[in-house]
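**Q** Handing you this structure, nothing more for now.
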């Protein structure tokens, strides 16, 4: 049998699918579907290669919480020693809600509002990854009016192709992210001259679901060139933020191991004389992607002339990656059944032809069966919506044989509780 993404935490015992020591069918029976289920053990295991690769040198692993921002997930990484990479004031409030340390938070994002910047300054975040001249000037003004100094790095756009989906590529000249490489030295001069700004480092992030080490090394070389040019201007850069974006295996991808990628980058850094700098990294998907599954129940099997449809109770509002990115995600029965597999398009009940979870899947099914969509720990529940007035799914965290409800299923009436009729 082909190993399941997320193995050994996601595995079969006989015909039944288990996550750690919990049978998934039991969770679906207890909590209903659609249901997100995450493995705490898988998250911890995915973090270990980063920790080992960076051991013995100054570093901070900042979990990129946009991948999955459930409080219990954040709690897991905070307890393991991580800081956080945030992209909104709301994400900072989530860090604070778990008792997280703002001084271990880096604030990224192309469109930070004055309110968000002010709030982050007041809470004492470690560093702002600045992405435009306008942001730099606004941050300086806000810090000065508050009697503070804002620690910043510039997020540099190195014009490197990460060889990923165009929607999640962030390091090309045509992307909206970062400071153009050729403008970075002048921006550092400007930042160093502002009285309320403290230049702390340099940042680069080239995309997500990257499955090759080469783009990282190409971007790093451009970053190191810039560091040397900036320091010739008399501006010191204490840290290098290498970003994140390492991919996972959804199907047939073979991304390099996290420790191998980090080791290659550290070797390049050291060879060029920068071993004294603190290293920051911002992994997200690679820590949580294969720690989660989405459980969904088969509602209708609809055989047609051209295609046969397996209609399930999960939909694009629960999991938008296939519709948005044409993403392939594994789909497997929670209980294997005898019978000849048929080819199905696995689709949801939403009134859109784009509402699909998987096309042309060979599965032996009956109505009422429980399916697991694998590799659903990242950019899944975090991107869920209430389209068609559908309440968002519940979430469960398993830890060994224990299962904890970490988000209650939304009630339909909560969806319009803040709406008002016109009298």
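**Q** Can residue 131 be described as in the same structural domain as residue 246 (by TED's automatic domain parsing) and without any contact (Cβ under 8 Å) to a residue 60 or more places away in the chain? Explain how you work it out, then say what you get.
**A** On the way: in the same structural domain as residue 246 (by TED's automatic domain parsing): yes; without any contact (Cβ under 8 Å) to a residue 60 or more places away in the chain: yes.
Spelling it out, residue 131 is indeed in the same structural domain as residue 246 (by TED's automatic domain parsing) and without any contact (Cβ under 8 Å) to a residue 60 or more places away in the chain.
**Q** With a cut-off of at least 3 residues that are within 28 Å of residue 416 (Cα to Cα) and either in contact (Cβ under 8 Å) with a residue 40 or more places away in the chain or touching a strand residue (DSSP E or B) at 6+ places or on another chain (Cβ under 9 Å) (or both), name the strands (runs of 3 or more DSSP E) lying wholly within region 283-396.
**A** Numbers: elements: 292-303, 308-312, 331-333, 342-347, 356-363, 370-373.
Where strands (runs of 3 or more DSSP E) fall fully within region 283-396 and carry at least 3 residues being within 28 Å of residue 416 (Cα to Cα) and either in contact (Cβ under 8 Å) with a residue 40 or more places away in the chain or touching a strand residue (DSSP E or B) at 6+ places or on another chain (Cβ under 9 Å) (or both), they are 292-303.
**Q** Among the listed residues 354, 330, 273, identify the single one that is farther than 28 Å from residue 3 by Cα, in the same structural domain as residue 379 (by TED's automatic domain parsing) and surrounded by fewer than 24 Cβ atoms within 10 Å (Cβ to Cβ). Break it down stepwise before answering.
**A** Numbers: 330 fails: farther than 28 Å from residue 3 by Cα; 273 fails: in the same structural domain as residue 379 (by TED's automatic domain parsing).
None of the others qualify; the one that does is 354.
**Q** Among the listed residues 411, 401, 315, identify the single one that is closer than 23 Å to residue 7 by Cβ and more than 20 Å from the chain's Cα centre (by Cα).
**A** Working: 411 fails: closer than 23 Å to residue 7 by Cβ; 315 fails: closer than 23 Å to residue 7 by Cβ.
Every option except 401 fails the conditions.
For (1) farther than 30 Å from residue 112 by Cα; (2) surrounded by 19 or more Cβ atoms within 10 Å (Cβ to Cβ), each residue gets a yes or a no:
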{"site": "11", "(1), (2)": "yes, no"}
{"site": "19", "(1), (2)": "yes, yes"}
{"site": "42", "(1), (2)": "yes, yes"}
{"site": "52", "(1), (2)": "yes, no"}
{"site": "57", "(1), (2)": "yes, no"}
{"site": "61", "(1), (2)": "no, yes"}
{"site": "98", "(1), (2)": "no, no"}
{"site": "101", "(1), (2)": "no, no"}
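**Q** Only one residue in 156, 110 is surrounded by fewer than 18 Cβ atoms within 10 Å (Cβ to Cβ) and outside any helix (DSSP H, G or I). Which one? Before the answer, list the steps.
**A** Numbers: 156 fails: surrounded by fewer than 18 Cβ atoms within 10 Å (Cβ to Cβ).
On inspection, the qualifying residue turns out to be 110.
**Q** So residue 279 fits all but one of (1) in a strand (DSSP E or B); (2) assigned by TED's automatic domain parsing to the domain that holds residue 15; what number is the exception?
**A** Here residue 279 clears every test but (2).
**Q** Let me ask another. Would you say residue 64 is in contact with a strand residue (DSSP E or B) (Cβ under 8 Å, 6 or more places away or on another chain), more than 28 Å from residue 130 (Cα to Cα) and not assigned by TED's automatic domain parsing to the domain that holds residue 317? Full working, then the answer.
**A** Numbers: in contact with a strand residue (DSSP E or B) (Cβ under 8 Å, 6 or more places away or on another chain): yes; more than 28 Å from residue 130 (Cα to Cα): no; not assigned by TED's automatic domain parsing to the domain that holds residue 317: yes.
No, not satisfied.
**Q** Can you list the strands (runs of 3 or more DSSP E) lying wholly within region 9-85 that have 3 or more residues being more than 20 Å from the chain's Cα centre (by Cα) and at pLDDT 95 or above? Can you show your working first?
**A** Details: elements: 10-13, 16-19, 35-39, 59-64.
Ranges flagged: 10-13, 16-19.
The values are calculated or read from the model by the stated rules, or taken from the named source; none is laboratory data. Treat the numbers as computed from the prediction; the structure is a model and nothing was measured. All Cβ positions, even for glycine, are placed from backbone atoms using ideal geometry, and neighbour counts span all protein chains on display.
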